[in-house]
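Report on the structure given below.
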Amino acid sequence: MNQPSPVPRNFGFGSEEEMLRDLARQFLDENMPVEKLRGLAAPDPEPIYDDGQLPGWDQQVWNQVIELGWPGLAVPEHLGGSDFSLVGIVGLVEEVGRHALPSPLISTLNASWVLRSAQTKEADPFLQSLASGTPASLAMTGSRGGVEPGEVDVEARSTPAGVCLDGVSFFVQDASKCELFLVFARQGEGLKLCVVPREAAGLRIEQDQIHDVTRDQATLYFEGVEVNSASVVSDSGLATLQRAWPGLLCLVSADLCGTSEWQLQTTVEYAKNRKQFERPIGFFQAVKHPLVDAMIEIDRARSLLYHAASLVDADHPDAELSARMAKSAASDAGAYISDRSVQLHGGIGFTWECDLHIFFKRSLHNQALYGDGVHQRRRLADFLVGPIDR
Amino acid sequence: MGESGLTSEQIAFQKHARGWLEENAPPPPPIRLPLMAIEVMHEAQRDYLQSWQRRCYEAELVGTDVPREYGGWGREGCQRIANQEMSRAGTPFMINIVGLTMAVPTILVHGTESQKKLLIPGALTGEEIWCQGFSEPGAGSDMANQQTSAIRQGEDWLVNGHKVWTSLGHFAKWMILITRTSKEHKYDGLTYFVCPIEGHPGVSVRPLIKITGETGFNEVLFEDVIVPDSLRLDEVGKGWTVAMTTLTYERGAAEGAGGGGQGGDPTQRLIALARESWRDGVRASDDPVTRDALVQQAIVYEGIRMNMRRAKVPALNDHPMRLPLQSKLTGSEASQNAARLGVEIAGVHSTLYKKDPKAPEAGHWPLAYLNSYGGTIAAGTNEIQRNILGERVLGLPKSK
């Protein structure tokens, strides 16, 4: 980490990246203000939590997002995408997190990132399809909630036409909104990466009941799902996932940084306006100082995030190390500002009518996704301190 | 190094600095050096560090961006590079930290032409050591509550008062001094001087003893001290404004005239300690709790480095002072937590004082931990820093 890194000192965040971020901020301010989000995602708790209804989202906004070309940001230009730097995409995803946008955008960006990392011809038509707006999601997590490449519970068996899949994939993000799933399936020692459409015969999608109201999540049951060889996009799925991993960690960290900044600014506004003892409560250092501490944690996470993304863009060997640092910091910052945002709002912050809970739960979900801070630090310790000598 | 964003002059300078430091790393010091310049106590330490600063000055690593007419080297945007290279090389710090990072930048902003020519060259070479007179028994966090008085007497001022926590005062030729010239107004009644210290009639410097039992800073008493009006910086009653310039540099929110050197990331040193320390029958480096703490430490230090980098990308800063104003707070707390972790890893061995030959690393960690409170209290306590950040950056109402 002490060597000078061969990456631009501004992380590669130039005028194009700034324009994309500012456009995203403006578009989402207009199209997903918090009043609208509240009405869509959290009108009443009963239908979602008692009756198992999926929280709402705005299909029209998603159509506009497709027109803006965001699903194709990570897709090469000759396949219809804009081949943006990860640093630029991260800037946009921060805005998505700041507006807690419910949409299949993040899952589709993740899927395109993995497809790109497959580095095969077979991936190209699917990259093209994603860039044109087909929503997709990753199916890569096993029953133990394994959040590292390769802990899958789906088996692939060779058939004359391709492979046949049996097993279960857990914690598939925004599955109800997606048309394609990128399934990691074990075959012998290796992993195959297959693309399975949601209508495939033998695929059953069972929605999970989750806390977060800005997304959905499902368990995918594969019972003899036939995949033709054109849809087996990689025979070296493990290598693909390992290449993609730092980028995936950056994307979820960016979403976390975005929700955290919204929570910070919203709580700061409340502390300026809410009066007790004839003063705005932000006068009191018991309120002011934790908000400063939260800002410091968020800034640490953002700086580590942009550094990590710039290393991913540069294909730098320290990219994974940096991305794990970013996810650790972003998860911990998210946990801290979530905690303080509710506590410093007092009674109102504890209610459904206050918007805080929407961001709290999106953050909580993202803190756990792909490994929380403790998990990342366990892996980092192997890098930095060395493996445990048993 | 593939680092874009540097001009060709800066790239050439970086090459020069790196090359010079590689070839001219100083010999080991005659006695152990403290962690920071503000803790330099002994003449042998001073002599060693003064000669190192002079060599760095002559190599253009100090005073790099200061105009040539004031003894500097007239470059642009190169001091930061010199500081980084000195940190990277792990060479000793600059002893004249107050002169380089506070007095020189303040004089450049607020001084007259003749003040600049009189004061800056000696600060850059290290020949004239500086100290800071901003703290008093009744003016700590409430810095504007200065009671040291300056009363006009013709072309001179008569100064009486008491300054405390004066690091380097016992070696100092000069002090940056805030005085009260009017009792009518709290802030607008302050005036800023540079005051001769060594051998100046009426000035006495007495050592104060820290919690470690070591000296390292002083109190300075002023009894009918005469300061010529030519040593006043900026106008009478403008002392608070001048002091704010000094503090902007002291707290690391702006680049000074030098001061790079040791004091970087202690992670590798802590990991080495963990490999040699035992905890319940296993090496501390194999203990999951210790490993987590070490990685947390590494993340904090990497975060500080990346904050410095992000602070220079305007598009990634919604508020321009949001990152710069954090640096004193995050840096001092990182050092404190690192030292505390060193104490924990060393376990029962950290009971040993540095004079005990059995003490690991010559008793470094417990002393560093005790001394770390200097960092979290000095230059505006971290509680004051949190007020400043909450008020100036987040826009929360003032806590006073």
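Would you please name the residue that is farthest from B:Glu361 (Cα to Cα), looking only at residues in the stretch B:270-286 that are surrounded by 14 or more Cβ atoms within 10 Å (Cβ to Cβ), without any contact (Cβ under 8 Å) to a residue 60 or more places away in the chain and charged (D, E, K, R)? Top of the filtered list is B:Asp286. Scanning the stretch A:349-390 for residues that are within 11 Å of another protein chain (Cβ to nearest Cβ), of a type outside the set (Lys, Arg) and outside any helix (DSSP H, G or I) gives A:Val385, A:Gly386, A:Pro387, A:Ile388, A:Asp389. Looking across A:Ala368, A:Ala286, one residue alone is over 24 Å from B:Asn317 (Cβ atoms), under 19 Å from the mean Cα position of the chain (by Cα) and surrounded by fewer than 21 Cβ atoms within 10 Å (Cβ to Cβ). It is A:Ala368.
Given (1) within 25 Å of B:Asn371 (Cα to Cα); (2) within 11 Å of chain A (Cβ to nearest Cβ); (3) of a type in the set (Val, Ile, Thr), where does B:Thr351 come up short, assuming only one miss? Failing condition for B:Thr351: (2). Here the condition is being modelled with pLDDT under 95 and either within 14 Å of chain A (Cβ to nearest Cβ) or surrounded by 16 or more Cβ atoms within 10 Å (Cβ to Cβ) (or both); of B:Gly395, B:Gly380, B:Gly342, B:Gly390, it holds for B:Gly380 alone.
The residues of the stretch B:300-319 that are more than 9 Å from chain A (Cβ to nearest Cβ) and among the polar types (S, T, N, Q) amount to a single one, B:Asn317. Assessment of the stretch A:111-119 against the conditions (closer than 25 Å to A:Phe359 by Cβ and in contact (Cβ under 8 Å) with a residue 12 or more places away in the chain) yields at least one matching residue. Considering A:Asp255, A:Asp332, A:Asp293, the condition of being assigned to a helix (DSSP H, G or I), more than 12 Å from chain B (Cβ to nearest Cβ) and modelled with pLDDT of 95 or more is satisfied by A:Asp255 alone.
Let's see how each residue does on (1) in a strand (DSSP E or B); (2) surrounded by fewer than 16 Cβ atoms within 10 Å (Cβ to Cβ); (3) in contact with a helix residue (DSSP H, G or I) (Cβ under 9 Å, 6 or more places away or on another chain); (4) of a type in the set (S, T, N, Q):
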{"position": "A:Gly167", "(1), (2), (3), (4)": "yes, no, no, no"}
{"position": "A:Ser176", "(1), (2), (3), (4)": "no, no, no, yes"}
{"position": "A:Val196", "(1), (2), (3), (4)": "yes, no, yes, no"}
{"position": "A:Ile210", "(1), (2), (3), (4)": "no, no, yes, no"}
{"position": "A:Thr214", "(1), (2), (3), (4)": "no, no, yes, yes"}
{"position": "A:Leu220", "(1), (2), (3), (4)": "yes, no, yes, no"}
{"position": "A:Gly224", "(1), (2), (3), (4)": "yes, yes, no, no"}
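Filtering A:Ser322, A:Ser338 for residues that are at pLDDT 95 or above, within 14 Å of another protein chain (Cβ to nearest Cβ) and surrounded by 20 or more Cβ atoms within 10 Å (Cβ to Cβ) leaves a single hit, A:Ser322.
May I ask you to verify whether A:Pro104 is in contact with a strand residue (DSSP E or B) (Cβ under 9 Å, 6 or more places away or on another chain) and either farther than 30 Å from A:Glu353 by Cα or away from chain B (no Cβ under 11 Å) (or both)?
Against the criterion (in contact with a strand residue (DSSP E or B) (Cβ under 9 Å, 6 or more places away or on another chain) and either farther than 30 Å from A:Glu353 by Cα or away from chain B (no Cβ under 11 Å) (or both)), A:Pro104 qualifies.
Of all the numbered requirements in (1) more than 23 Å from B:Asn382 (Cα to Cα); (2) surrounded by 15 or more Cβ atoms within 10 Å (Cβ to Cβ); (3) touching a helix residue (DSSP H, G or I) at 6+ places or on another chain (Cβ under 8 Å), B:Glu155 misses one, and that requirement is (2).
Among the conditions (1) within 14 Å of another protein chain (Cβ to nearest Cβ); (2) at pLDDT below 95; (3) touching a Leu at 6+ places or on another chain (Cβ under 9 Å), the only one that A:Ile48 does not satisfy is (1).
Taken residue by residue, the stretch B:154-169 has at least one member that is among the acidic types (Asp, Glu), outside the structural domain of B:Glu69 (by TED's automatic domain parsing), outside any loop (DSSP other than H, G, I, E, B) and in contact (Cβ under 8 Å) with a residue 60 or more places away in the chain. Please determine whether any residue of the stretch A:267-281 is surrounded by fewer than 23 Cβ atoms within 10 Å (Cβ to Cβ) and under 24 Å from A:Lys327 (Cα atoms). Among the residues of the stretch A:267-281, not one is surrounded by fewer than 23 Cβ atoms within 10 Å (Cβ to Cβ) and under 24 Å from A:Lys327 (Cα atoms), which makes the answer no. For the stretch A:82-100, the criterion of being without any contact (Cβ under 8 Å) to a residue 60 or more places away in the chain and either surrounded by fewer than 17 Cβ atoms within 10 Å (Cβ to Cβ) or among the hydroxyl-bearing types (Ser, Thr, Tyr) (or both) is satisfied by at least one residue.
In the stretch A:81-116, of all residues being of a type in the set (D, E, K, R) and in a helix (DSSP H, G or I), the one that is nearest to the chain's Cα centre (by Cα) corresponds to A:Glu94.
Just to be sure, is B:Arg322 under 30 Å from A:Lys272 (Cα atoms), within 11 Å of chain A (Cβ to nearest Cβ), in contact (Cβ under 8 Å) with a residue 12 or more places away in the chain and not in a helix (DSSP H, G or I)? So B:Arg322 passes the test. Out of B:Ile120, B:Ile178, B:Ile107, B:Ile151, one residue alone is touching a Leu at 6+ places or on another chain (Cβ under 6 Å), at pLDDT 95 or above and assigned to a helix (DSSP H, G or I). It is B:Ile107. Go through the stretch B:87-104 and give me each residue that's in a helix (DSSP H, G or I) and crowded, with 24+ Cβ neighbours inside 10 Å. Those that are in a helix (DSSP H, G or I) and crowded, with 24+ Cβ neighbours inside 10 Å: B:Ile97, B:Val98, B:Gly99, B:Leu100, B:Thr101, B:Met102, B:Ala103, B:Val104.
Exactly one residue among A:Lys272, A:Lys288, A:Lys327 is touching a Leu at 6+ places or on another chain (Cβ under 8 Å), more than 9 Å from every other protein chain (Cβ to nearest Cβ) and part of a helix (DSSP H, G or I), and that residue is A:Lys327.
Would you check if A:Pro246 is touching a Phe, Trp or Tyr at 6+ places or on another chain (Cβ under 9 Å) and not small (Gly, Ala, Ser)?
In short, no.
Of everything listed in (1) closer than 30 Å to A:Leu20 by Cα; (2) assigned to a helix (DSSP H, G or I); (3) more than 8 Å from chain A (Cβ to nearest Cβ), the single unmet condition for B:Gln297 is (1). Take A:Glu206 and tell me if it is in contact with a Cys (Cβ under 8 Å, 6 or more places away or on another chain) and either surrounded by fewer than 22 Cβ atoms within 10 Å (Cβ to Cβ) or part of a helix (DSSP H, G or I) (or both). So A:Glu206 does not fit the description; no.
Take the residues in the stretch B:177-196 that are aliphatic (A, V, I, L, M) and crowded, with 24+ Cβ neighbours inside 10 Å; name whichever of them is nearest to B:Gln115 (Cα to Cα).
B:Leu177
Can you confirm whether A:Leu54 is outside any helix (DSSP H, G or I) and touching a residue at least 24 places away in the same chain (Cβ under 8 Å)? So A:Leu54 fits the description; yes. Listed by first and then second residue, the pairs linking a residue in the stretch A:287-309 that is of a type in the set (A, V, I, L, M) to a residue that is surrounded by 24 or more Cβ atoms within 10 Å (Cβ to Cβ) and not in a helix (DSSP H, G or I), with Cβ atoms under 9 Å apart and 6 or more places separating them unless they lie on different chains, are A:Val287/B:Leu396; A:Leu291/B:Leu396; A:Val292/B:Leu396; A:Ala309/A:Phe11.
The values are calculated or read from the model by the stated rules, or taken from the named source; none is laboratory data. No experiment lies behind these values; they were computed from the predicted model shown. Virtual Cβ from ideal backbone geometry, glycine too; neighbours counted across all protein chains shown.
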